[in-house]
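A.B. asks: Please find one structure pasted underneath; my questions will follow.
Bear in mind these aren't lab numbers, they're just calculated from the coordinates by the rules spelled out. Owing to the predicted nature of the structure, the values given are computational and were not obtained by experimental measurement. Positions of Cβ are backbone-derived with ideal geometry, glycine not excepted, and every protein chain shown enters the neighbour counts.
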Amino acid sequence: MQSKYNPSEVEEKWYKYWNENGFFASTPDATKEPYTIVIPPPNVTGVLHMGHMLNNTIQDILIRRARMMGKNACWVPGTDHASIATEAKVVNKLANEGIKKTDLTREEFLKHAWDWTEKHGGIILEQLKKLGASCDWNRTCFTMDEKRSESVIKVFVDLFNKGLIYRGVRMVNWDPKALTALSDEEVIYKESQGKLYYLRYKVVGDENQYAIVATTRPETIFGDTAICINPNDETKAFLRGKKVIVPIVGREIPVIEDEYVDMEFGTGCLKVTPAHDVNDYMLGEKYNLETIDIFNDNGTLNNYGGTYSGKDRFEVRKEIEAELESKGLLEKVESYVNKVGYSERTDVAIEPKLSMQWFLKMEDLAKPALDAVMNDTLLLHPAKFKNTYRHWMENVKDWCISRQLWWGHRIPAYFLPQGGYVVATTIEEALKLAKEKTGNNDLKIEDLRQDEDCLDTWFSSWLWPISVFDGINNPNNEEINYYYPTSDLVTGPDILFFWVARMIISGYEYRNDFCFKNVYLTGIVRDKLGRKMSKSLGNSPDPIELMDKFGADGVRMGMMLAAPAGNDILFDEALCEQGRNFNNKIWNALRLIKSWEVSETIEQPSASATAIQWFESKLNSSIKEIDDLFNKYRLSEALMEVYKLFWDEFSAWYLEVIKPTYGSPIDKQTYSATLNYFEALLKLLHPFMPFITEELYQAIENRAEKDSIMIASMPKAGVINENILKQFEITKEIVASIRTIRKDKNIANKELLTLNVIGKTSNLLTDVIIKMGNLSSINANAEKSATAINFMIDTTEFSIPLEGNIDVEEEIKKMTAEITYLEGFLKSVNVKLNNERFVQNAKPEIVENERKKKSDAENKIALLNEAIASLKK
């Protein structure tokens with residue numbers, strides 16, 4: 001073996017080996033339990049970021065472990081067409097070439113979009129291979145490939161025929177940059193520093209009276225069609241039945257009365273702009289008010305804006321303030337902080353806008369999906385997200401599923417020449433329905449006009465766990481019946497409603513079952529200062545560069561050490577360095593073992609036999625703990641358990657006990673047991689660190705052709721001897737005390753010492769203590785010696801005679817100083833224990849711990865006083 005582990009020489013070699021031998025592949029097998037994960041499909045033209053690294057590392061850990069547990073593990077990869085994001089990239093690319101989208105036909109634009117997708121698509125999947133992702137790449141899906149597209153259209157038609165999809169003019173969230181409607185869930189509300197403008201609306205018939213109206217958006221006055229007061233507000237009685245004049249516009253509008261108006265907010269007068277505020281829209285419907293849309297789709301004012309026509313809404317807001325002031329129509333302006341909705345994709349302030357859109361009725365569809373989570377049929381990890389989920393699902397609104405985009409699944413609705421429309425999976429089927437609907441058998445395909453809009457991206461990805469197994473088009477096929485419901489989903493809580501809830505809804509609608517049993521919700525990856533990673537802050541490392549520097553295993557381990565489920569991850573490159581150092585520790589451990597000469601003839605030392613007996617139980621105890629942690633989805637804790645087992649127990653203790661003296665051979669029995677333990681440790685580590693574990697698994701012995709650690713069986717917990725585990729912990733404390741004495745007294749490790757046990761002792765692991773403490777002997781029932789250093793382990797007193805190795809005066813000085821410290825410590829403990837409120841109110845285990853501290857301190861003080869008295873004799 002080389003002196004250092006070199007990830008770059010190992011990772012590509014083993015990934016190719018795994019892939020070529022079909023270890024990632026899965027087919028239905030009735031003799032095996034399926035374990036299925038569907039990847040949250042990243043944007044097809046995206047590149048790997050730290051969030052992907054975390055999410056896919058967790059998925060790979062789960063899938064590799066399931067494979068080693070004997071399950072038929074299937075991890076389905078794929079990508080999402082990402083309508084808004086991809087179309088925006090293509091529009092920008094065309095703009096750089098001097099081409100406007102509006103100058104192209106739909107077909108011409110889509111050719112550019114497909115070219116872009118084919119050029120940039122799939123990069124992220126190749127990057128996942130470098131991470132070690134063991135996906136079944138033969139199953140790679142794309143939300144706009146043929147089967148997935150057919151599934152989406154079929155579901156739209158089905159839901160329409162069930163009366164769940166409808167078309168209508170509604171107030172929607174309009175993105176003026178992407179030029180499309182958004183669902184409520186795609187709007188992020190942020191606190192914004194703005195202004196509150198108090199405007200004067202002259203009362204018709206009394207030029208000296210005004211209605212003062214407070215608004216954050218003075219540019220929308222061009223769409224005002226009423227002002228509203230609360231009928232219980234006597235201070236506004238003078239406005240009842242009157243009309244007022246819209247400032248600048250000069251239009252007369254009525255004063256209406258409704259209890260919706262909050263008398264305590266602003267002035268108690270509300271301007272009503274039905275086309276540009278959802279609450280105003282409802283008032284407009286109730287009182288049959290005129291609706292005036294003053295905005296173009298790009299956020300500029302249209303002809304209703306008068307002299308401001310063609311100007312951006314925010315530019316108009318600044319300019320109109322000056323005009324209102326100059327005309328005496330502005331009472332005052334105040335600073336004001338309010339929450340403004342922004343497009344999740346483009347980060348532009350959304351515009352409430354009346355628009356003809358397609359909607360999916362959600363209330364009844366959501367009920368079984370809500371029940372499944374609340375009754376724990378489907379589990380969220382951590383469970384704290386159940387309340388968030390319940391709040392969303394109990395307040396679900398109809399889903400606006402249409403988008404004013406070309407890149408995506410085109411809505412399968414076809415408009416008829418004489419009005420009306422039909423919905424069908426194909427234009428041929430649409431023609432047939434059109435003839436039936438109109439009674440006109442002379443209709444031709446060219447007479448029909450398909451809706452220009454496409455479907456929300458989430459309308460395809462909500463079918464993902466079903467559509468990847470073609471369960472919409474072929475609902476009874478072998479694969480959907482075998483792999484569905486899937487086992488686990490790993491995703492972020494930010495898309496708990498966008499995607500997770502909707503997948504659960506589609507699962508119950510189309511399979512009458514949940515789509516996965518467990519949802520593992522990761523946190524957000526932040527930098528070590530707690531800031532969200534972003535390009536603008538320059539705090540988001542390139543995952544590929546990290547893997548080049550620390551190796552994929554080092555980065556995987558670094559991520560997982562800081563990744564408890566549901567909590568944000570404070571990422572620090574130092575964690576990756578820790579991962580790389582652990583790689584080297586494992587590598588060097590096998591190099592050490594392999595460097596030993598093995599003898600078939602020498603007897604096994606008793607210390608080695610004891611170490612084997614101890615580590616067998618320690619390994620079984622850890623396996624039991626790791627199994628429990630995986631069952632609770634506490635993956636970072638499971639990794640830490642394996643890490644400590646290898647570093648603190650196997651390397652620091654087991655190997656040190658069984659290590660032969662320099663130049664001497666090791667017995668065959670101990671050597672074989674050691675390699676078996678090393679292999680078991682590699683198997684426990686493999687899901688977390690796949691590359692180095694495969695390299696070392698192959699290095700332990702000559703393996704059969706097509707053998708691999710990733711298809712080996714995961715170790716199972718055996719018998720745990722609690723007695724030897726306890727004895728070994730005492731042994732560690734004894735050895736640590738001996739080493740401390742050597743260090744304090746500057747006694748070389750090669751110099752033999754004697755350990756005396758004062759009084760009786762029981763079942764000490766003397767062979768291990770003698771070797772690890774480099775002792776000549778251990779003497780039971782020994783007498784105390786004035787020149788010995790004493791120490792207590794539990795209730796047993798030990799001493800090490802140091803004739804000729806001790807400065808009496810210096811030793812008394814040190815022990816006196818320690819007594820002074822212990823007496824101060826004892827005083828602070830007694831203060832607590834003498835406090836009745838503390839004893840009565842603190843947890844029993846805390847009180848008991850304080851009592852133990854008191855007892856230990858008193859015993860140490862007594863020992864030290866005895867030792868001082870002996871030295872003074």
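A.B. asks: Against the longest alpha carbon principal axis of the chain, how many degrees, from 0 to 90 and to the nearest 10, is the axis of helix 313-326 turned?
C.D. replies: Tilt of helix 313-326: around 60 degrees.
A.B. asks: A further question follows. Which value in nm describes the separation of the simple spin-label points at Ser335 and Lys585, placed 7 Å from the Cα toward the beta carbon?
C.D. replies: The modelled label-to-label distance comes out at 5.3 nm.
A.B. asks: Sorted by packing (mean other beta-carbon atoms within 10 Å per residue), highest first, where do 839-852, 185-198 land?
C.D. replies: Working: 839-852: 11.9, 185-198: 15.4.
The most tightly packed comes first, giving 185-198, 839-852.
A.B. asks: Something else now. Could you work out the helix-only [θ] at 222 nm for the chain, with each DSSP H run of four or more residues adding -39,500 (n - 2.57) and the total divided by the number of residues, to the nearest 500 deg cm²/dmol?
C.D. replies: On the way: 28 runs with 371 residues, N = 873.
After summing the helix terms and dividing by residue count, I get -13500 deg cm²/dmol.
A.B. asks: 5 Å is the cut-off here: which amide hydrogens, built 1.01 Å from N in the peptide plane, fall below it relative to Cys74, excluding neighbours closer than 5 in sequence?
C.D. replies: Amide H neighbours of Cys74: Tyr35, Thr36, Ile37.
A.B. asks: With θ set to phi - 60°, apply the Karplus curve 6.51 cos²θ - 1.76 cosθ + 1.60 along region 448-453 and write out the HN-Hα couplings as whole Hz, x wherever there is a Gly or Pro.
C.D. replies: 8, 10, 6, 3, 6, 6
A.B. asks: Cross-link partners among lysines for Lys743, C-alpha distance below 16 Å, same-chain residues fewer than 8 apart left out?
C.D. replies: Straight-distance partners of Lys743: Lys814.
A.B. asks: Say R0 is 56 Å: what FRET efficiency, to the nearest 0.05, do Asn781 and Asp572 get from their beta-carbon distance? Could the numbers behind the result be given before it?
C.D. replies: Details: r = 53 Å, r/R0 = 0.95.
It comes out at approximately 0.55.
A.B. asks: Any chance you could give the angle, 0 to 90 degrees and rounded to 10, that helix 844-872 forms with the longest Cα principal axis of the chain?
C.D. replies: The angle comes out at about 30 degrees.
A.B. asks: Sticking with this structure for a sec: Please state the equivalent ellipsoid semi-axes for region 1-64: what are the square roots of 5 times the Cα gyration tensor eigenvalues, largest first, in whole Å?
C.D. replies: Working: eigenvalues 127, 90, 28 Å².
After scaling each eigenvalue by five and taking roots: 25, 21, 12 Å.
A.B. asks: Treating cross-link reach as a plain straight distance, find the aspartates and glutamates whose alpha-carbon is under 14 Å from the alpha-carbon of Lys130, omitting any fewer than eight places away in the same chain.
C.D. replies: Excluding near neighbours in sequence, the set is Glu9, Glu11, Glu12, Asp60, Asp542, Glu545, Asp548, Asp553.
A.B. asks: Quick one: which residues, 5+ away or cross-chain, put their amide H under 5 Å from the amide H of Ile256? H built at 1.01 Å from N.
C.D. replies: Ile227, Cys228, Ile229
A.B. asks: Run the numbers for Gln604 and Ile188: contour at 0.36 nm per residue of separation, minus the present Cα-Cα distance, in nm. Mind dumping the intermediate values first?
C.D. replies: On the way: separation 416, 0.36 × 416 = 149.76 nm, distance 6.84 nm.
Stretched out fully, the Gln604 to Ile188 stretch lengthens by 142.9 nm.
A.B. asks: While we're on this one: Loop-only check: which trypsin sites (Lys or Arg not before Pro) in region 81-178 are DSSP coil with at most 13 other Cβ within 10 angstrom?
C.D. replies: Values: sites: Lys89, Lys93, Lys100, Lys101, Arg106, Lys111, Lys119, Lys129, Lys130, Arg139, Lys147, Arg148, Lys154, Lys162, Arg167, Arg170, Lys177; in loops: Lys100, Lys162, Lys177.
Answer by residue number: Lys100, Lys162.
A.B. asks: Under the classification rounded if a/c is under 1.5, otherwise prolate if a/b is larger than b/c and oblate if not, where does region 817-873 fall, given a ≥ b ≥ c as square roots of the Cα gyration tensor eigenvalues?
C.D. replies: Details: a/c = 4.34, a/b = 2.85, b/c = 1.52.
Note, shape of region 817-873 comes out prolate.
A.B. asks: Follow-up. Rounded, prolate or oblate, given the Cα gyration tensor of region 492-566, with a/c below 1.5 counting as rounded?
C.D. replies: Numbers: a/c = 2.86, a/b = 2.10, b/c = 1.36.
Because a/c hits 1.5 or more and a/b exceeds b/c, region 492-566 counts as prolate.
A.B. asks: Tell me the label-point distance for the pair Thr754, Leu110, using the 7 Å Cα-to-Cβ offset, in nm and rounded to one decimal.
C.D. replies: Each label point is offset 7 Å from its Cα along the Cβ direction, giving 9.5 nm.
A.B. asks: For region 609-660 and region 228-296, write down the distance between their C-alpha centroids in whole Å.
C.D. replies: 72 Å
A.B. asks: If you take the beta carbon distance between Ala30 and Gln669 as r and set R0 to 60 Å, what does 1/(1 + (r/R0)^6) give as a FRET efficiency, to the nearest 0.05? Present the calculation step by step, with values, prior to reporting the outcome.
C.D. replies: Working: r = 43 Å, r/R0 = 0.71.
FRET efficiency, Ala30 to Gln669: 0.90.
A.B. asks: Next question, about the same structure. Can you give the net charge of the other residues whose Cβ lies under 15 Å from the Cβ of Ile248, counting K and R as +1 and D and E as -1? Can you show the working numbers first?
C.D. replies: Numbers: positive: Arg200, Lys202, Arg217, Arg251, Lys271, Lys311, Arg317, Lys318, Lys327; negative: Glu219, Asp224, Glu252, Glu319, Glu321, Glu323, Glu325, Glu331.
Neighbourhood net charge equals +1.
A.B. asks: A further question follows. On each of the three principal axes of the Cα atoms of region 604-734, give max minus min coordinate, whole Å, ordered largest first.
C.D. replies: 36, 36, 22
A.B. asks: I need the phi-derived Karplus couplings for region 195-210: 6.51 cos²θ - 1.76 cosθ + 1.60, θ = phi - 60°, integer Hz, Gly and Pro marked x.
C.D. replies: So the J values, rounded to whole Hz, are 9, 10, 9, 9, 9, 9, 9, 5, 7, 5, x, 8, 4, 8, 9, 10.
A.B. asks: Sticking with this structure for a sec: Quick one: compute the contact order of region 609-703, relative version, from alpha carbon pairs under 8 angstrom and 6+ residues apart, as a percent.
C.D. replies: On the way: 42 pairs, mean separation 25.5, N = 95.
The value is 27 percent.
A.B. asks: Mind listing the phi-derived Karplus ³J(HN,Hα) values for region 490-500, rounded to whole Hz, using 6.51, -1.76 and 1.60 with θ = phi - 60°, and x for any glycine or proline?
C.D. replies: So the J values, rounded to whole Hz, are 10, 7, x, x, 5, 10, 4, 8, 2, 10, 4.
A.B. asks: Okay, moving on. Pull out the extension gain between Glu845 and Thr426, defined as 0.36 nm times the separation in residues minus the alpha carbon to alpha carbon distance; nm, one decimal. Numbers along the way, then the final one.
C.D. replies: Working: separation 419, 0.36 × 419 = 150.84 nm, distance 7.10 nm.
Net length gain for the segment: 143.7 nm.
A.B. asks: Could I ask something else about it? Go through region 563-600 and name the GluC sites (Glu not before Pro) that are in a DSSP coil and have 13 or fewer other Cβ atoms within 10 Å of their Cβ. Please report the intermediate quantities before stating the final value.
C.D. replies: Values: sites: Glu573, Glu577, Glu597, Glu600; in loops: Glu597, Glu600.
Counting only loop positions with at most 13 other Cβ atoms within 10 Å, the GluC sites (Glu not before Pro) in region 563-600 are Glu597, Glu600.
A.B. asks: Would you mind checking the pairs Lys202/Lys353; Lys195/Lys271; Lys549/Lys594 and listing those with alpha carbons more than 23 angstrom apart?
C.D. replies: Lys202/Lys353; Lys549/Lys594
A.B. asks: Taking Cα atoms, how many degrees apart are the long axis of helix 278-287 and the longest axis of the chain, rounded to 10 and kept between 0 and 90?
C.D. replies: Roughly 30 degrees between the two axes.
A.B. asks: Taking the simple approach of a point 7 Å from Cα along Cα-to-Cβ for both Val169 and Phe265, what is their distance in nm?
C.D. replies: So the two model labels end up 2.6 nm from each other.
A.B. asks: Taking R0 as 45 Å, what's the FRET efficiency between Lys397 and Lys100 from their Cβ-Cβ distance, rounded to 0.05?
C.D. replies: Details: r = 35 Å, r/R0 = 0.78.
After rounding, the FRET efficiency stands at 0.80.
A.B. asks: Which far-off residues, 5 or more places away or on another chain, put their amide H under 5 Å from the one on Asp453, with H placed in the peptide plane?
C.D. replies: Ile411
A.B. asks: Once you sort the root eigenvalues of the Cα gyration tensor of region 80-176 as a ≥ b ≥ c, which label holds: rounded (a/c under 1.5), prolate (a/b larger than b/c) or oblate (the other case)?
C.D. replies: oblate
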